[in-house]
Amino acid sequence: LGDEQAVMVAHIVAQSAKRASVGERSMPDYTMRSFALARNRFVDTLETEARVGMDRRNTRTYNCIFALAVVMLALGTGSLAVTTKGIAAERVAPPLAFFAVGSIVSYFAVIGRWKAKYVFIGMMLGLGALIRFVFIMLGVSPIDYWPLFAVAAGVALMPANYARRGRIRPSSIVISSSFVLMGLFLSIFSFGFSTTSFKTFIARWWPLLFIASGVVLLIAWGIQRLLSRAEERGEARGASPGGGEP
């Protein structure tokens, strides 16, 4: 049955049951109770199926709206780049197409609870394409901004790890932060913000790598301690008498 038909059938059954109430009085008590119980179950089942069908249809509509919005956003942005900046369409079309595909894949991977690798692939594809498009607009060579892809990988790892484990763990924060910091650090040299070459910097300041590693590990240790204490408090409240009551 369709959604509207199921609702109509449920309404008709309810009205018919009301009309039959006079006839029920002449039945034995146990027969009346059995008939009323069966009637109520049937009506509840039809109403539930109608609501579930409506929810599914609404979800499909929302998903289509999101996908269409992303496609229109990419199409409009690319067209604007061509008409205002005079950039060739074949240069801006691939990154915007990858951005749209990555955004849609990551969206469906999150709401559909797909495997974590699909969340990572979708987000990495979308973020990488966005970086590529921005620097095409700025006229920057890929040899200058390539470290930013490491930053994008670190950002994409966070939701992927959350999708895999159902929560954010300190180890996930450490790995994601390491990629982000490494990308930002290399960007200093690739964009020419430092007058010292990368080779010279490493030759002189390589001990800073140990210091940075220690700081990151201390931060991870602190987060782990905070999370452990929060879990212990929650378990203690749940185990105490009346702990679940306000």
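Laboratory data are not the source of any read-out in this text; all were calculated from the coordinates shown. What you are looking at is a predicted structure, and each value in this text was computed from that prediction instead of being measured. Please note: Cβ atoms are built from the backbone with ideal geometry, for glycine as well, and neighbour counts cover all protein chains shown.
Annotations for the structure displayed:
- Mean Cα-pair separation over length for segment 79-129, i.e. relative contact order, pairs under 8 Å, 6 or more apart, %: 37 percent
- Förster-model FRET efficiency, 51 Å R0, Thr196 and Ile223, C-beta, rounded to 0.05: 0.95
- Additional length obtainable on full extension of the chain from Ser177 to Arg91, 0.36 nm per residue less Cα span: 27.8 nm
- Rounded FRET efficiency, nearest 0.05, which uses the C-beta distance separating Glu232 from Ile211 and R0 of 35 Å: 0.65
- Subtracting the Cα-Cα distance of Arg164 and Phe66 from their residue separation scaled by 0.36 nm leaves 32.9 nm.
- Estimated vicinal HN-Hα couplings, Hz - segment 127-140 in sequence order (Karplus 6.51, -1.76, 1.60; Gly, Pro = x): 5, x, 5, 5, 4, 4, 5, 4, 7, 5, 5, 7, x, 9
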